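So the structure is just underneath, and the comments pick up after that.
The values are calculated or read from the model by the stated rules, or taken from the named source; none is laboratory data. Note that the structure is a prediction, hence the values are computed from the model and not measured. Note: ideal-geometry Cβ built from the backbone for every residue, glycine included; neighbour counts use all protein chains shown. For the accessible areas, the whole protein counts, side chains as well, though only heavy atoms, and no ligand, DNA or RNA atoms are used. Shrake-Rupley method; radii C 1.70, N 1.55, O 1.52, S 1.80 Å.
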Amino acid sequence: MLWPFITLASAAAASYAGYATMAPASQLYGRTLTHGDDRRQIALTFDDGPNDPHTLRLLDVLAKHNARATFFLIGKYVRQRPDIARAIQAAGHEIGNHTYSHPNLIFVSGARLRQELRDCGKALEDALGTTVSLFRPPFGGRRPNVLRTARALGLKTVMWSLAGNDWKAKSSEFILEKIAPEVGQLRRAEIVLLHDGSHLGFGMDRSHTVEATQRLLERFKNQCFVGISSLTLKTGT
């Protein structure tokens, strides 16, 4: 009589384990950074660049508002446009590793995982003249070995607390509706996920993201927009 309950419990555990591989807030497979603790701060993060011309337009918008952000770059695009990566660095923003070719890391071998991180790291080092210490897994996909390998390579895994879903946005208003209400509650420092590029191809139109960023900076001008490493965290976080 216990078998149906055992089966249900096993199915529930498997379902949660699968959910935890992609859920940005989950800490089941290891500790990751999902938010800060000073509600006066906001950390804008942009994935899948560098991308011409939208990364450069974002840099102009951020500079206008004296805001800092973090860009998680795809290695193959860094090889294609190292000058944009250097422009991000020169503008005072943080840069992180987003793998070389943007695979979902829960499906790759250990050897492929290490190669993706190392190849992206090398592309960034060649472009910037320095190593990076931040990492974001593509799609948020991770399992224990992903986090262990990142740590072994000296990388801190950064997730997010809010997503603008700008990869499918038809307007800047769509993006703002995903982000602004939560940011406005001022409960903590949100890490916001946006995209200045796309893993589907270089040159993807991200004009809605640029406009949404401009509007966010204007709406929350009394907040401090910081890079990931400047987030205030509780002791031990």
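Take the stretch 107-141 and flag every residue that is open to solvent by less than 40 Å² (accessible area, probe 1.4 Å) and part of a helix (DSSP H, G or I).
Answer for the stretch 107-141, where residues must be open to solvent by less than 40 Å² (accessible area, probe 1.4 Å) and part of a helix (DSSP H, G or I): Gly110, Leu113, Glu116, Leu117, Cys120, Gly121, Ala123, Leu124, Ala127, Leu128, Pro138, Gly140.
Among Ala63, Ala85, which is outside any strand (DSSP E or B) and surrounded by fewer than 20 Cβ atoms within 10 Å (Cβ to Cβ)?
Just one listed residue meets the conditions, Ala63.
If you take the residues in the stretch 34-47 that are open to solvent by 10 Å² or more (accessible area, probe 1.4 Å) and in a strand (DSSP E or B), which one is nearest to His195 (Cα to Cα)?
Filtering the stretch 34-47 for residues that are open to solvent by 10 Å² or more (accessible area, probe 1.4 Å) and in a strand (DSSP E or B), the one nearest to His195 (Cα to Cα) comes out as His35.
Of everything in the stretch 142-183 that's within 21 Å of Thr99 (Cβ to Cβ), assigned to a strand (DSSP E or B) and of a type outside the set (S, T, N, Q), which residue is least open to solvent (accessible area, probe 1.4 Å)?
Within the stretch 142-183, the match that is least open to solvent (accessible area, probe 1.4 Å) is Val158.
Restricting attention to the stretch 71-79, does a residue exist that is surrounded by fewer than 19 Cβ atoms within 10 Å (Cβ to Cβ), part of a helix (DSSP H, G or I), modelled with pLDDT of 95 or more and not hydroxyl-bearing (Ser, Thr, Tyr)?
Within the stretch 71-79, one or more residues are surrounded by fewer than 19 Cβ atoms within 10 Å (Cβ to Cβ), part of a helix (DSSP H, G or I), modelled with pLDDT of 95 or more and not hydroxyl-bearing (Ser, Thr, Tyr).
Looking only at the stretch 184-221, count how many residues are open to solvent by 10 Å² or more (accessible area, probe 1.4 Å) and either within 17 Å of the chain's Cα centre (by Cα) or charged (D, E, K, R) (or both).
The number of residues fulfilling the criteria is 14.
Restrict the check to the stretch 193-208 and report whether at least one residue is part of a loop (DSSP other than H, G, I, E, B), free of Cβ contacts under 8 Å to residues at least 12 places away in the same chain and either in contact with a Ser or Thr (Cβ under 9 Å, 6 or more places away or on another chain) or closer than 30 Å to Ser101 by Cβ (or both).
Yes, there is a match, as at least one residue in the stretch 193-208 is part of a loop (DSSP other than H, G, I, E, B), free of Cβ contacts under 8 Å to residues at least 12 places away in the same chain and either in contact with a Ser or Thr (Cβ under 9 Å, 6 or more places away or on another chain) or closer than 30 Å to Ser101 by Cβ (or both).
Leu58 fails exactly one of the following numbered conditions: (1) of a type in the set (A, V, I, L, M, F, W, C); (2) in contact (Cβ under 8 Å) with a residue 60 or more places away in the chain; (3) closer than 18 Å to Met204 by Cα; (4) surrounded by fewer than 22 Cβ atoms within 10 Å (Cβ to Cβ). What is the number of that condition?
(4)
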